[in-house]
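Visitor: Got a structure for you, written out below as structure tokens; questions coming shortly.
The values are calculated or read from the model by the stated rules, or taken from the named source; none is laboratory data. Since we're looking at a predicted model, the values are computed, not measured. Cβ sites come from the backbone with ideal geometry, for glycine too, and all protein chains shown count toward neighbours. Note: accessible area is taken over every heavy atom of the protein model, side chains too, but ligands, DNA and RNA are not part of it. Shrake-Rupley method; radii C 1.70, N 1.55, O 1.52, S 1.80 Å.
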Amino acid sequence: MHAEENERQLSTHMLDTNRGEPAAEVMVVLFKWSEESYGWEVINRGMTAGNGRIDNFLPDEENKEGTYKLLFETGSYFEKQGISTIFPFVEIIFSIDDKSHYHIPLTMSANGYSTYRGS
């Protein structure tokens, strides 16, 4: 695996399915589950770019395997548009168990959302 691929082990994006456009300026917080403290530890924070993406979200660490959570601050995104949503936050919990690339997108409207492992 090339170094460039390692540096991009985790990426995400949010697509606003109401508008059919990328969701820009959404705060996303990355957590990692800690067995030691039996809780979530903040690993990184980022804001989606104009294309709705955060391309390099996992800091360089020796061991990236584990359970992670992406927390999307969706309430403030929809509030800026004057739209009410029942989902002020969306959390996506997933496991990384190898050194391959993980792309975890969120497709969302004010009243529903979906996620999957992309490429």
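Visitor: Express the accessible area of the stretch 19-119 per residue in Å², computed with a 1.4 Å probe while the remaining protein chains stay in the model.
Guide: 56
Visitor: Further, regarding this structure: Counting alpha carbon pairs within less than 8 Å and at least 6 residues apart, what relative contact order, in whole percent, applies to the chain?
Guide: Once divided by the residue count of the chain, the mean separation gives 30 percent.
Visitor: Do the sum for the chain: with -39,500 (n - 2.57) for every DSSP H run of n ≥ 4, divided by all residues, what is the mean residue ellipticity at 222 nm, to the nearest 500 deg cm²/dmol?
Guide: Values: 2 runs with 12 residues, N = 119.
Rounded to the nearest 500, it is -2500 deg cm²/dmol.
Visitor: For the stretch 90-102, what does the Karplus curve 6.51 cos²θ - 1.76 cosθ + 1.60, with θ = phi - 60°, yield as ³J(HN,Hα) per residue in whole Hz, taken in order and with x for Gly and Pro?
Guide: So the Karplus estimates, Gly and Pro as x, are 10, 10, 10, 9, 8, 10, 10, 10, 7, 9, 6, 7, 10 Hz.
Visitor: If I compute solvent accessible area with a 1.4 Å probe over the protein chains, what percent of it on the chain is carbon and sulfur?
Guide: It is 47 percent, rounded to a whole number.
Visitor: Let me ask something else. With a Förster radius of 22 Å, plug the Cβ-Cβ distance of GLU91 and GLU25 into 1/(1 + (r/R0)^6) and report the FRET value to the nearest 0.05.
Guide: Efficiency, rounded to the nearest 0.05: 0.70.
Visitor: Within 13 Å, Cβ to Cβ, of PHE78, how many net charges do the neighbouring residues add up to if Lys/Arg are +1 and Asp/Glu are -1?
Guide: On the way: positive: ARG19, LYS80; negative: ASP16, GLU25, GLU73, GLU79.
Net charge around PHE78: -2.
Visitor: Please work out how much length the chain gains when fully extended from ASN18 to ILE83, using 0.36 nm per residue of separation minus the C-alpha to C-alpha distance, in nm with one decimal.
Guide: Gain on stretching ASN18 to ILE83: 22.3 nm.
Visitor: Please list, in order along the stretch 39-44, the HN-Hα scalar couplings obtained from phi with the Karplus expression 6.51 cos²θ - 1.76 cosθ + 1.60 (θ = phi - 60°), rounded to whole Hz, x for Gly and Pro.
Guide: For the stretch 39-44, the Karplus-derived couplings read x, 8, 10, 5, 9, 6 Hz, x marking Gly and Pro.
Visitor: Give me the number: length gained by fully extending ASN56 to SER37, i.e. 0.36 nm times residue separation minus the C-alpha to C-alpha distance, one decimal in nm. Mind showing how you got there, number by number?
Guide: Numbers: separation 19, 0.36 × 19 = 6.84 nm, distance 2.63 nm.
Once the chain is fully extended between ASN56 and SER37, it gains 4.2 nm.
Visitor: Here is a follow-up. List every residue whose amide H lies under 5 Å from the amide H of VAL26, counting only residues 5 or more places away in sequence or on a different chain, with H placed 1.01 Å from N in the peptide plane.
Guide: Here THR48 satisfy the definition.
Visitor: To continue, here is another question. Kindly rank 59-66, 111-118, 74-81, 89-96 from highest to lowest mean number of other beta carbons found within 10 Å of each residue. The partial results should precede the final answer.
Guide: Numbers: 59-66: 10.8, 111-118: 12.5, 74-81: 16.2, 89-96: 14.5.
My ranking of the peptides, most packed first, is 74-81, 89-96, 111-118, 59-66.
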